[in-house]
């Protein structure tokens with residue numbers, strides 16, 4: 001399947017992205033190149049590969065071991081309060097002052 005200029009115009013319209021006419025040829029070439037790579041990947045025989053490519057297995061997790069790392073500064077110096085396990089910190093001075101904490 002090859003992408004055409006009309007396909008690029010159509011998708012750009014759906015995404016509400018402006019694409020200049022002089023960029024169409026380059027985009028068509030790039031998208032067709034990506035599709036060509038995807039086609040090559042689809043042809044790779046993976047039936048002899050172990051469970052590493054099983055999309056439903058997920059990545060193996062390592063044990064969470066080791067000593068806890070202490071904070072360089074006491075928690076009260078940067079987050080004086082918590083709520084539901086989250087730090088409550090004052091708003092940055094660069095943001096509008098709404099009187100709330102984030």
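Just so it is clear, none of the values below were taken in a lab; they were calculated from the coordinates. Keep in mind that what you see is a predicted model, and the values were worked out from it rather than measured. No Cβ is skipped: glycine too gets one built from the backbone with ideal geometry, and neighbour counts run over all protein chains shown.
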- Length released on extending from residue 7 to residue 24, taking residue separation times 0.36 nm less the Cα-Cα span: 5.1 nm
- Stretch gain in nm, segment residue 83-residue 68, where the contour uses 0.36 nm per residue and the Cα spacing is subtracted: 3.2 nm
- Binning every alpha carbon pair distance of the range 5-44 at 10 Å from zero, what are the percents per bin? 28, 45, 22, 5
- Item | Extended-chain gain in nm, criterion 0.36 nm per residue less alpha-carbon gap, residue 46 and residue 14 | 8.0 nm
- With a Förster radius of 41 Å, plug the Cβ-Cβ distance of residue 34 and residue 61 into 1/(1 + (r/R0)^6) and report the FRET value to the nearest 0.05. 0.80
